[in-house]
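A.B. asks: Let me begin by handing over the structure; questions about it come next.
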Amino acid sequence: MIDQIHRSAENVVLFPEQSRTEKAAVGWYLRFGKRLADCIAACVGCVILSPLMLVAVLGILFESQGPIIFKQERLGLNGKVFILYKFRSMRMDAEAGGPTWTKRNDNRVTKFGHFLRKYHIDELPQLINILRGDMSWIGPRPERAYFYHKFGKDIPEFLTRLAVKPGLTGWAQVNGGYDIGPKEKFLLDKQYIAKQSLRLDVVVLLKTVSVVLKGNGAR
């Protein structure tokens with residue numbers, strides 16, 4: 001898998017050499033345009049997706065006791081700690097034994113939680129994180145400090161993911177899904193950080209729509 005990612009980085013046509021004008025445009029987008037697009041898209045998303053979020057709220061209420069919104073500390077840009085929001089999709093005792101990396105067919109996920117995760121509906125409260133400036137639409141998925149410390153032992157460069165804002169979706173999510181390991185995930189995130197641009201963000205968004213509609217890439 002890692003070798004395939006390396007080969008894709010060499011051959012993918014989304015990453016051509018940029019001219020000086022293109023580099024200037026990318027610079028403007030990253031400094032100003034991306035944040036503006038994030039805010040506008042998040043506001044529109046909150047309105048359009050509100051019926052779907054209402055379904056999520058009612059489903060969680062009817063299925064199990066406990067909070068509707070799951071809150072957890074994650075690391076953002078430059079290692080800044082922020083509170084990430086999700087619709088709760090697991091049992092209340094999901095991490096009674098300590099932090100655990102979610103796996104396929106995880107028995108800690110509730111029945112309704114499987115539906116939320118399949119179509120990534122559980123991530124929708126992160127529109128608030130985007131509006132607050134904690135996250136962007138596109139970027140490496142935010143992780144906990146525990147996993148940065150754990151993965152950093154084998155992948156010293158793993159911390160470089162903190163050079164950009166984490167995203168609601170990302171290059172790793174639309175290419176490897178949520179089942180790839182941390183090394184594969186890091187390599188894909190590294191590609192994105194090195195080559196981020198408006199064009200690449202549009203490609204990620206389009207791929208995300210396909211992944212969500214097909215119910216792929218969820219754990």
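The values are calculated or read from the model by the stated rules, or taken from the named source; none is laboratory data. Please read these numbers as outputs of a predicted model, since none were measured by experiment. All Cβ positions, even for glycine, are placed from backbone atoms using ideal geometry, and neighbour counts span all protein chains on display.
A.B. asks: Looking only at helices (runs of 4 or more DSSP H) that fall completely inside segment 97-198, which ones have 2 or more residues that are of a type in the set (Val, Ile, Thr)?
C.D. replies: Correct list: 126-132.
This table checks each residue for (1) crowded, with 19+ Cβ neighbours inside 10 Å; (2) among the basic types (Lys, Arg); (3) under 12 Å from the mean Cα position of the chain (by Cα).
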{"residue": "His114", "(1), (2), (3)": "no, no, no"}
{"residue": "Lys118", "(1), (2), (3)": "no, yes, no"}
{"residue": "Glu123", "(1), (2), (3)": "yes, no, yes"}
{"residue": "Ile130", "(1), (2), (3)": "yes, no, yes"}
{"residue": "Met135", "(1), (2), (3)": "yes, no, yes"}
{"residue": "Pro140", "(1), (2), (3)": "yes, no, yes"}
{"residue": "Phe151", "(1), (2), (3)": "yes, no, no"}
{"residue": "Val164", "(1), (2), (3)": "yes, no, no"}
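A.B. asks: Shifting gears a bit: Within segment 183-192, can you find the residues that are crowded, with 17+ Cβ neighbours inside 10 Å and of a type outside the set (Ser, Thr, Tyr)?
C.D. replies: Matches in segment 183-192: Glu184, Lys185, Phe186, Leu187, Leu188, Asp189, Lys190, Gln191.
A.B. asks: Filtering segment 75-106 down to residues that are touching a helix residue (DSSP H, G or I) at 6+ places or on another chain (Cβ under 7 Å) and hydroxyl-bearing (Ser, Thr, Tyr), which residue is modelled with the highest pLDDT?
C.D. replies: Among them, the one singled out is Tyr85.
A.B. asks: Tell me the residue from Asp179, Asp134 that is out of contact with any Ser or Thr (no Cβ under 6 Å at 6 or more places or on another chain), within 23 Å of His114 (Cβ to Cβ) and touching a residue at least 40 places away in the same chain (Cβ under 8 Å), please.
C.D. replies: Asp179
A.B. asks: Cβ-Cβ distance below 8 Å, separation of 6 or more or different chains: which pairs start in segment 110-122 with a residue that is within 15 Å of Leu58 (Cα to Cα) and end on one that is of a type in the set (Asp, Glu)?
C.D. replies: From residues that are within 15 Å of Leu58 (Cα to Cα), the pairs are Thr110/Glu63; Lys111/Glu63; Phe112/Glu63; Gly113/Asp122; Leu116/Asp122.
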